[in-house]
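Reviewing the structure listed below.
The values are calculated or read from the model by the stated rules, or taken from the named source; none is laboratory data. Keep in mind that what you see is a predicted model, and the values were worked out from it rather than measured. Glycine gets a Cβ as well: all are built from the backbone with ideal geometry, and neighbour counts include every protein chain shown.
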Amino acid sequence: MRHAVAILAVSLAAFGFSAPTSVKSPPRIAFASHRDGNWEIYAMDADGGHQTRLTKNEPQERFPLWSPDGKQIAFGAQRSDGWDLWVMNADGSNARKIFTGIVAKGERQWSPDGTRIVLGTQRDGNREIYTVRADGSAPTRLTDSPGIDQNPTWSPDGARIAFVSSRDGNLEIYVMRADGTGQTRVTNADSTDDAPEWSPDGKTIAFTSSRDGNRQIYLVRPDGSGLERLTNDSANHDIPKWSPDGKRIAFQSVRGSVLDSKNYDIEVMRIADRARTRLTDNHHYDAMHAWSSDGALLAFISERDGYSAVYVTAADGAAARRLTMSSSLNPSFSH
């Protein structure tokens with residue numbers, strides 16, 4: 001433990017703030033890298049040290065997700081007939097396929113207790129939501145509608161799942177119990193509502209909506225009350241991510257054409273007073289942001305150096321630092 005704290009202290013000192021007096025383990029970042037000829041999963045320390053290749057297969061493997069206890073990593077693996085969901089130990093050992101036919105770029109999440117993963121799939125001919133146990137057992141279909149059901153996220157207590165569905169004509173936010181019962185529509189607009197994200201206290205869902213013309217970030221309670229617009233400007237915003245303490249939301253912003261991904265930047269808003277900090281400000285792609293478990297750091301992907309690389313910055317935007325020196329995607333902090 002003393003050695004772990006020392007590593008974390010050095011890592012955080014590089015960004016200008018102090019390490020906590022007690023930590024479970026030093027933070028790690030899992031990511032996908034193309035450095036060895038195809039996309040594979042790697043892990044590294046939060047300062048970029050100890051970069052280790054975890055998968056060694058010919059097909060591409062991407063989208064790593066740490067289990068809540070930091071002992072396992074779920075990831076997507078592309079095969080000739082689509083993408084499958086795999087789980088391995090944090091050191092890359094004991095890799096096993098647990099689900100076939102996932103939506104590669106769709107949202108997937110571990111349950112808060114680490115026993116299940118919720119995901120989107122088209123294995124039944126339509127995009128639906130399933131859960132599966134981390135050992136691959138008990139795959140359970142939760143939705144069965146004629147529309148698209150996608151982008152599921154667990155509530156912090158694991159009792160409910162928010163998701164997006166087009167079953168009533170356009171994409172809206174819905175909530176259901178973790179077993180798929182009690183499916184309830186939360187939002188009701190004539191435009192797209194997407195990317196739901198539970199607040200850490202489970203009282204609020206952040207989401208993206210184009211109901212007022214361009215994409216903005218909104219808040220709503222799980223019962224549909226208390227709708228509130230969080231951003232209000234000419235940019236398009238999406239992918240809201242709550243800080244672990246629930247006091248801030250990080251999101252992506254596109255200025256100019258929504259089709260011009262080179263305009264992506266990352267912003268953070270403080271909920272109490274709506275104060276916004278623009279963490280990146282350049283004409284290159286800055287996105288795929290992920291919070292560290294203590295809320296001190298944000299990992300993200302930037303193309304400012306001519307290729308996609310993992311960067312880490314303090315949450316106030318200071319001291320952004322490149323951690324990888326080759327094409328990299330999908331950073332994910334350990335918990």
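Computed values, structure above
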| item | result |
| --- | --- |
| Hits in segment 94-127 (condition: over 19 Å from the mean Cα position of the chain (by Cα) and acidic (Asp, Glu)) | Asp124 |
| Pair list, Cβ under 8 Å, 6 or more apart: segment 277-297 residue over 21 Å from Phe333 (Cα atoms) and in contact (Cβ under 8 Å) with a residue 40 or more places away in the chain, other residue of a type in the set (Asp, Glu) and in a strand (DSSP E or B) | Thr277/Glu267 |
| Residue list for segment 280-292, restricted to those being part of a loop (DSSP other than H, G, I, E, B) and modelled with pLDDT of 95 or more | Ser292 |
| Qualifying residues in segment 308-325 (those that are modelled with pLDDT of 95 or more and not in a strand (DSSP E or B)) - the one farthest from the chain's Cα centre (by Cα) | Met325 |
| Any hit, segment 216-238, residues being modelled with pLDDT of 95 or more, more than 25 Å from Ser67 (Cβ to Cβ) and among the aromatic types (Phe, Trp, Tyr) | yes |
| Every pair of residues 6+ apart whose Cβ atoms lie under 8 Å, when the first sits in segment 98-117 and is closer than 13 Å to Gln72 by Cα while the second is at pLDDT below 95 and in a loop (DSSP other than H, G, I, E, B) | none |
| Every pair of residues 6+ apart whose Cβ atoms lie under 7 Å, when the first sits in segment 77-89 and is farther than 15 Å from Gly114 by Cα while the second is of a type in the set (Asp, Glu) and surrounded by 13 or more Cβ atoms within 10 Å (Cβ to Cβ) | Ala77/Glu61; Ala77/Asp84 |
| Residue among Asp157, Asp144 that is among the charged types (D, E, K, R) and in contact (Cβ under 8 Å) with a residue 24 or more places away in the chain | Asp157 |
| Gly147 vs. criteria at positive phi and either crowded, with 16+ Cβ neighbours inside 10 Å or more than 18 Å from the chain's Cα centre (by Cα) (or both) | no |
| Some residue of segment 95-104 being in contact with a strand residue (DSSP E or B) (Cβ under 8 Å, 6 or more places away or on another chain), of a type in the set (Phe, Trp, Tyr) and closer than 30 Å to Tyr218 by Cβ | no |
| Any hit, segment 46-63, residues being under 16 Å from the mean Cα position of the chain (by Cα) and charged (D, E, K, R) | yes |
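Yes/no per residue for (1) touching a residue at least 24 places away in the same chain (Cβ under 8 Å); (2) touching a helix residue (DSSP H, G or I) at 6+ places or on another chain (Cβ under 8 Å); (3) not small (Gly, Ala, Ser):
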residue	(1), (2), (3)
Ile148	no, no, yes
Asn151	yes, no, yes
Phe163	yes, no, yes
Gly169	no, no, no
Arg177	no, no, yes
Thr181	no, no, yes
Val186	yes, no, yes
Asp190	no, no, yes
